[in-house]
1. Would you pick out the residues in the range 59-112 that are polar (S, T, N, Q) and over 27 Å from Leu2 (Cα atoms)?
2. So which residues in the range 89-141 are assigned to a loop (DSSP other than H, G, I, E, B) and within 28 Å of Arg48 (Cα to Cα)?
Amino acid sequence: GLEHATIHVLQARVPELFAAGHATLDGFNLYSNATREQVVAATEEAFRLLRGGQSRLVIHPNCGTNFAVAGLIAGVTAWVASRGNGGIGKLPRVALLTSLALVVAAPLGLTVQEYVTTSPLVGETQLLSVDTMDAGGVRVHHVRVGERSEQSV
């Protein structure tokens, strides 16, 4: 959830932000045009906001969970709708039911995020470091979180 909250904060602060990320065992990777300093400040702010009760920040409309839920629902619906006889005549039924499935998938994906794939509970976890590198023209920030140690941001 911290990854999503950080992206929400960055979206409010960085004009024309590009950001995509994924969780890692020790934090998250963020692929973004934001600077290292902006990522550090946004992550610290995300921690503060989550600890302050703004739990909705862990939900993001572009989360991979949404795409996975949509793909699963649309795929199953298309498979069910295409069963039986009818040949090409099944196409309108498949298209209609798959489209309806995608409409249902949008709010369902957000619900799955809220109750299954993210958590606003950050406890005593803190920002340990942000390592930034350029990889083929894309800035990659590895945001490491955990219990405070000798390392600093």
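The numbers here are math on the coordinates, done by the rules we state, and not lab data. As the structure is a prediction and not an experimental result, all values here were calculated from the model. Cβ atoms come from the backbone with ideal geometry, glycine included; neighbour counts cover every protein chain shown.
1. Filtering the range 59-112 down to residues polar (S, T, N, Q) leaves 62, 65-66, 77, 82, 85, 98-99, 111.
Hits for the range 59-112 are Thr77, Ser82, Asn85, Thr98, Ser99.
2. The first filter runs over the range 89-141 and keeps only residues assigned to a loop (DSSP other than H, G, I, E, B), leaving 118-125, 136-137.
Result: Thr118, Ser119, Pro120, Leu121, Val122, Gly123, Glu124, Thr125.
Here is a yes/no grid of residues against (1) touching a residue at least 40 places away in the same chain (Cβ under 8 Å); (2) surrounded by 15 or more Cβ atoms within 10 Å (Cβ to Cβ); (3) within 28 Å of Gly123 (Cβ to Cβ):
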| site | (1), (2), (3) |
| --- | --- |
| Leu30 | yes, yes, yes |
| Asn33 | yes, no, no |
| Arg51 | yes, no, yes |
| His60 | yes, yes, yes |
| Gly71 | no, no, no |
| Gly89 | no, no, no |
| Leu96 | no, no, no |
| Val103 | no, no, no |
| Leu108 | no, yes, no |
